[in-house]
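*Asks:* Take this structure, written in structure tokens, and hold onto it; I'll ask about it next.
The values are calculated or read from the model by the stated rules, or taken from the named source; none is laboratory data. Everything numeric here is computed off the predicted structure, so don't read it as measured data. Here the Cβ is made from the backbone with ideal geometry for all residues, glycine too, and neighbour counts use every protein chain on show. In case anyone asks, the SASA skips ligands and DNA or RNA and just uses the protein heavy atoms, side chains included. Shrake-Rupley method; radii C 1.70, N 1.55, O 1.52, S 1.80 Å.
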Amino acid sequence: MDVMPKWAEVILVPLISLLLAAILSALVILAIGEDPVAAVKLMVTGALGSSYGWGYTLYYATNFMFTGLAVAIAFHARLFNIGGEGQAALGGLGVALACLYIPWPHWSLALIGAALAAGLFGAAWAAIPAYLQARRGSHIVITTIMFNFIAASLLNYVLVNVLRPKGSMDPATARFSEAVHLPTLHELLAPFGIAFSKSAPANVSLLVAVAACVFLWFLIWRTRLGYEIRSFGNSESAAKYAGMPPFKIIMVTMMISGALAGMMAINNVMGEAERLVLNSVEGAGFIGIAVALMGRSHPFGVFIAAILFGFLYQGGAELALWTSIPRELIVVIQALVILFTGALDNMVRMPLERLFLALRNRKEV
């Protein structure tokens with residue numbers, strides 16, 4: 001029997017962790033001579049106080065949903081995929097090739113084709129570390145980190161020497177044709193009479209990310225494959241005894257994880273930049289680890305955590321723009337959130353477990 005109820009595990013522990021991170025962040029802001037209350041107000045207003053702010057918050061959140069889901073499914077099989085950065089970068093290459101070399105008649109068909117290409121490239125990049133883990137025993141953490149650097153170098157070579165337009169000095173591809181430009185939230189909401197910022201980059205990829213959350217929930221808790229993934233993660237020896245093949249589970253899980261990370265590129269490459277540029281991932285692969293930790297590897301939790309980190313990104317940009325608080329402080333706040341929701345999780349969990357155990361014992365008496 002669990003000592004702590006499920007609602008406390010899912011809601012109370014992350015909430016207290018966030019509160020502790022917020023208190024420490026406020027102390028850091030005070031230490032540099034700024035008002036933490038004013039800083040929070042500016043962050044909330046900048047990220048949530050207008051459709052422009054919401055547009056950027058949701059744009060960042062879309063990236064983090066894809067990379068958070070990628071890490072989450074790997075966590076269920078007790079695989080620590082730190083390669084989301086490289087897988088998303090290769091996904092961007094897949095999107096660029098699909099958009100540049102296939103004459104799509106409409107953005108909807110281009111979105112499907114680009115998503116498939118991004119998923120395939122991301123899955124292929126994740127399959128190599130997965131094979132090394134399953135067949136050679138190479139640790140997935142080490143290999144996925146290495147493949148992030150390899151992906152960055154490969155993409156740099158391709159952009160500079162293969163895909164860069166003639167006469168251009170910018171390490172980037174040519175702009176995609178008008179036919180494959182994805183509609184923004186402004187264009188999607190305008191027919192319903194809802195006014196939304198024209199300049200915000202949030203686009204139809206947000207709906208794809210939400211659909212990915214639903215898909216992953218169904219996969220993990222409503223399919224045989226999901227049961228095998230969870231069984232393998234809970235006990236590899238028990239899964240083997242039950243006839244579940246470890247090689248298949250590792251390979252399939254990591255390839256799904258890589259595909260989800262790769263699909264992030266439909267948002268930042270196809271939806272926002274409308275071309276592939278160097279360093280387009282911008283750390284979203286690593287933020288996905290924090291999102292998955294905070295979301296307890298549950299797709300709904302990942303959805304909420306991604307919006308929180310989107311808020312931190314956009315709110316932090318507003319802080320850097322309108323105050324003397326450096327942009328790096330937001331990295332500190334993110335680090336504190338990761339610290340309390342991940343590394344120091346037991347610091348919150350253990351006192352709560354003792355509290356609930358005491359309350360249960362008192363009821364029994």
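*Asks:* Kindly provide the set of residues from the stretch 4-23 that are surrounded by 15 or more Cβ atoms within 10 Å (Cβ to Cβ) and aliphatic (A, V, I, L, M), ordered by number. Lay out the reasoning, then the answer.
*Replies:* As a first pass, look at the stretch 4-23 and keep what is surrounded by 15 or more Cβ atoms within 10 Å (Cβ to Cβ): 4, 8-10, 12-14, 16-18, 20-22.
The answer is M4, A8, V10, L12, V13, I16, L18, L20, A21, A22.
*Asks:* While we're here: Out of all the residues in the stretch 169-201, which are over 20 Å from N268 (Cβ atoms) and of a type in the set (G, A, S)? Write out each step before concluding.
*Replies:* Step one: filter the stretch 169-201 for residues over 20 Å from N268 (Cβ atoms), giving 169, 189-195.
Answer for the stretch 169-201, where residues must be over 20 Å from N268 (Cβ atoms) and of a type in the set (G, A, S): A190, G193, A195.
*Asks:* Taking the stretch 297-321 only, how many residues are farther than 23 Å from L79 by Cβ and among the small types (G, A, S)?
*Replies:* 5
*Asks:* Tell me, which residue of the stretch 319-343 that is over 20 Å from L18 (Cβ atoms) and of a type outside the set (A, V, I, L, M) is most open to solvent (accessible area, probe 1.4 Å)? Break it down into steps so the answer makes sense when it comes.
*Replies:* As a first pass, look at the stretch 319-343 and keep what is over 20 Å from L18 (Cβ atoms): 320-324, 326-328.
In the following step, the residues that additionally are of a type outside the set (A, V, I, L, M) were identified as 322-324, 326-328.
Numbers: W322: 170, T323: 43, S324: 91, P326: 63, R327: 82, E328: 123 Å².
Only one residue fits best here, namely W322.
*Asks:* Okay, moving on. Please enumerate the residues belonging to the stretch 214-265 that are open to solvent by less than 20 Å² (accessible area, probe 1.4 Å) and either touching a strand residue (DSSP E or B) at 6+ places or on another chain (Cβ under 7 Å) or charged (D, E, K, R) (or both).
*Replies:* Residue satisfying the conditions is E228 alone.
*Asks:* Same structure, new question: Considering only residues that are under 19 Å from L336 (Cα atoms) and open to solvent by 50 Å² or more (accessible area, probe 1.4 Å), which ones fall in the stretch 36-47?
*Replies:* Initial filter on the stretch 36-47 (under 19 Å from L336 (Cα atoms)): 36-37, 39-40, 43-44.
Matches in the stretch 36-47: V37, V40, V44.
*Asks:* Is there any pair linking a residue in the stretch 344-364 that is closer than 22 Å to L19 by Cβ to one that is in a helix (DSSP H, G or I) and among the aromatic types (F, W, Y), with Cβ under 8 Å and at least six apart or on different chains, and which?
*Replies:* M347/F340; V348/F340
*Asks:* Right, here's the next one. Could you pull out the residue among V348, V269, V302 that is over 28 Å from L42 (Cα atoms), open to solvent by less than 40 Å² (accessible area, probe 1.4 Å), touching a Leu at 6+ places or on another chain (Cβ under 6 Å) and hydrophobic (A, V, I, L, M, F, W, C)?
*Replies:* V269
*Asks:* Which of the residues that make up the stretch 48-100 are open to solvent by 20 Å² or more (accessible area, probe 1.4 Å), without any contact (Cβ under 8 Å) to a residue 60 or more places away in the chain and part of a helix (DSSP H, G or I)?
*Replies:* L97
This table checks each residue for (1) modelled with pLDDT under 80; (2) in a helix (DSSP H, G or I); (3) of a type in the set (D, E, K, R).
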residue: I287; (1), (2), (3): no, yes, no
residue: L321; (1), (2), (3): no, yes, no
residue: S324; (1), (2), (3): yes, no, no
residue: I338; (1), (2), (3): yes, yes, no
residue: G342; (1), (2), (3): yes, yes, no
residue: P351; (1), (2), (3): no, yes, no
residue: N361; (1), (2), (3): no, yes, no
